[in-house]
Amino acid sequence: MKTSFKWGILGPGRIAKKFANAVWEIPNASIYAVASRSSSDPEQLKHFFNAEKCYSSYEELTADTKVDAIYIATPHRFHYENIKLCMEAGKAVLCEKPFTVNANQAEELFKLSQSKHIFLTEALWTRFLPIYGQVRQWLDGSKIGDIRLVTSTLGFVAARNLEDRLLNIDLAGGTVLDLGVYNTALTQWVLQKSPHKITAVGQIGETGIDETVSATLAYENGAAAQFTCTFQARPLNQFTITGTKGMIIVHSNFVSATRATLVVGKKSRSVKKRLMINVFEYQINAAMQEIQEGALDCPQMTQTDTLANMRTLDTIRQQIGLQYPFE
């Protein structure tokens, strides 16, 4: 690892602050610069993120030769244009989930990454967490036999702010892209393949976005997955993998989980993996390592997996009748 890995932040909001808090706890890493088009007080923003630089345009950030990589935390409606700007400037990118609005955007960006040989990975932190390392050990060790069913729920009661990004159709709001990306990405990680058949139903709210969605995914080997994501209730928010010999439960909230239980017959074993900081540290460390080794993505969240997952999300949106006006 180099003496100091300098991160730039494009879109310094609430999520970006959590990212920055993790960076400052990691040796040999720092928040070097932030860029915001809307800040009225750049000095205060610079102080808030403990950054050396604060830019009023994204172009200035991408042109700074001292920036080693850029973390994008803007609303996902803008991820495509933000990533493309960074790629064209030759900057490595770790972009918040969902990676883009649809698979066509993702495919174009990955082709650009590959042609320019520039690192580009979706920042879906869940797949980097230590507890999922334990889950993978159980799966690879055939502790639960052949996987037959994967089930999960994820949701909360969203405030009825119709202008907020969650409910705003012009910002690509809705549960599928905001929450469902976790359900599908973890299911994909478990089964290590994409479904061959998808059946989805959804409730479209007053702003035109999906407020609750349930989907069933069928696989060629006979396995199935079912999930529900919602802005209208708080379900168990856990993730369960059921096999021919037992099951694995990743306890609530599975998105930032620290505890999982293996159940085989009447015996159970629970394992807890505490977080070092706040969930962001694992993807940060992985990204810095892969960037410095010249890789194009992280093995925990490959470009191939992100693209396949975006195609699954596209199909779900098609089935519930949700297309954004800008698509």
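The values are calculated or read from the model by the stated rules, or taken from the named source; none is laboratory data. Quick caveat: nothing in here was measured; it's all calculated off a predicted structure. Don't worry about glycine lacking a Cβ; one is built from the backbone with ideal geometry, like all the others, and counts go over all protein chains shown. Keep in mind that these areas ignore ligands, DNA and RNA; they rest on the heavy atoms of the full protein, side chains included. Shrake-Rupley method; radii C 1.70, N 1.55, O 1.52, S 1.80 Å.
Looking at the range 235-295, the pairs of alpha carbons with a distance over 17 Å make up 55% of the total. If you wrap the tightest convex hull around every Cα atom of the chain and split its volume per residue, you get 131 Å³.
Using bins of 5 Å that start at zero, the share of Cα-Cα pairs per bin across the range 75-177 amounts to 2, 10, 16, 15, 14, 14, 14, 10, 4, 1, in whole %. The dipole here belongs to the chain: it is taken about the Cα centre, uses +1 on the Cβ of Lys and Arg and -1 on the Cβ of Asp and Glu, and is about 1500 debye.
In the chain, helical runs assigned H by DSSP with n ≥ 4 each contribute -39500 (n - 2.57); averaged across all residues and rounded to the nearest 500, the mean residue ellipticity at 222 nm is -9500 deg cm²/dmol.
Across the range 195-201, computed HN-Hα scalar couplings (Karplus, 6.51 cos²θ - 1.76 cosθ + 1.60, θ = phi - 60°) run x, 9, 8, 10, 10, 9, 10 Hz from first to last residue, x flagging Gly and Pro. Here the 3J(HN,Hα) profile of the range 14-27, calculated from phi with Karplus coefficients 6.51, -1.76 and 1.60 at θ = phi - 60°, is 5, 5, 4, 5, 5, 4, 4, 4, 5, 4, 5, 8, 9, x Hz, Gly and Pro shown as x. A convex hull fitted around the alpha carbon atoms of the range 134-224 yields 109 Å³ per residue.
Given charges of +1 on the Cβ of Lys and Arg and -1 on the Cβ of Asp and Glu, with all other atoms neutral, how large is the dipole of the range 246-327 about its Cα centre, in debye to the nearest 20? Charge dipole of the range 246-327: 860 debye, to the nearest 20.
By DSSP, what percent of the beta bridges with both residues in the range 10-162 are antiparallel, rounded to the nearest 5?
Percent antiparallel among DSSP bridges in the range 10-162 is about 0.
Here the alpha carbons of the range 19-130 define both size measures, Rg and Dmax, at 14.1, 39 Å.
The phi-based Karplus calculation (6.51 cos²θ - 1.76 cosθ + 1.60; θ = phi - 60°) puts the 3J(HN,Hα) values of the range 301-308 at 8, 6, 4, 4, 5, 4, 5, 4 Hz, whole numbers, x for Gly and Pro.
Beyond 18 Å in Cα-Cα separation lie the following of the pairs Lys6/Lys97; Lys143/Lys267; Lys111/Lys197; Lys91/Lys116; Lys97/Lys273; Lys6/Lys53: Lys6/Lys97; Lys111/Lys197; Lys97/Lys273. Rg and Dmax of the range 178-243, based on Cα coordinates, read 12.6, 40 Å.
So if the hydrodynamic radius of the range 139-293 is defined as the Kirkwood radius over C-alpha pairs, what does Stokes-Einstein give as its diffusion coefficient at 20 °C and 1.002 mPa s, in µm² per second? Approximately 125 µm²/s, per Stokes-Einstein.
Seen against the Cα atoms of the chain and their longest principal axis, helix 79-88 is set at about 50 degrees. Around the amide H of Thr258, modelled in the peptide plane, lies no amide H under 5 Å away from a residue 5 or more places distant or on another chain. Under 5 Å from the amide H of Phe5 lie the amide H atoms of Ala29, Ser30, each residue being 5 or more positions distant or on a separate chain, with H modelled from the backbone and absent for Pro and chain starts. Per-residue accessible area (protein heavy atoms, 1.4 Å probe) orders Leu236, Leu162 as Leu236, Leu162, starting from the largest. Looking at the chain, the DSSP beta bridges with both ends there are about 55 percent antiparallel.
In terms of overall dimensions, the C-alpha atoms belonging to the range 27-93 reach 29, 28, 19 Å along their principal axes, ordered largest to smallest. For the range 1-61, chymotrypsin sites (Phe, Trp or Tyr not before Pro) are listed when DSSP marks them as loop and at most 15 other Cβ atoms sit within 10 Å of their Cβ; the list is Trp24. The distance from the alpha carbon centre of the range 262-327 to that of the range 145-218 is 14 Å, rounded to a whole number. With axes computed from alpha carbons, what is the tilt in degrees of helix 181-191 against the longest principal axis of the chain, rounded to the nearest 10 within 0 to 90? Computed tilt is about 60 degrees. Kirkwood hydrodynamic radius of the range 209-327, from the reciprocal of the average inverse Cα-Cα distance over all distinct pairs: 17.6 Å.
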